[in-house]
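The structure appears below as structure tokens.
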Amino acid sequence: IWMRSPRGLQRYENGVEIVHCVRGNLYGKVDAPRNFELAFAEWMVNVGFHRCETDLCLWSRGVGTDQEIFVTNFCDDIVMTGPTGSSFRLFDAQLSERWGDCKVQKPDYLLGCDLEQDSIGVRLTAATKIRSLLDDLKMNDCKAKDTALAPGAVINRDDCASEGQEIS
């Protein structure tokens, strides 16, 4: 595959733009995710992060200090959390410099879960997914339960409250 350089990275020789013969993998090829993961992991180590031994998607730097940053990655989606001081801004700049202009925003949805962050920590819930499922099943008027269902439990219309009715 022959390709032009990405915008902003073009190089010229004698006034003619240099093109590249790609022999490796591009985004979308079968082993591109693995190649991205290897490159990302090497880069994270080079910028001072340590990979969690029990969850390979979790990275940390400066744990126990006021410069603490945690990063999770899934494919090419990255969620970072920590005090928004100079260390956080530096990592954000390093990330954009290495991987291109990253869109940084406060996350509210991750891998099908609602994500909420407060002073206590981060909470993942499935409220949006559950509401969508109930809507698809025409059960959005069912009564909420405070406890989780047991594995294999079945819910049906009988578990739904009629308007103004409570089910105990």
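Just so you know, all these numbers are worked out from the coordinates, no wet-lab data involved. None of the values given here were measured: they were computed from a predicted structure. Because the Cβ atoms are built from the backbone with ideal geometry, glycine has one as well, and the counts that use them run over all protein chains shown.
So, by mean Cβ neighbours within 10 angstrom, what's the order for 129-142, 49-62 with the highest one leading?
Top of the packing list down: 49-62, 129-142.
Quick one: length gained pulling Leu115 to Met3 fully straight, 0.36 nm per residue minus the C-alpha distance?
Length gained between Leu115 and Met3: 36.4 nm.
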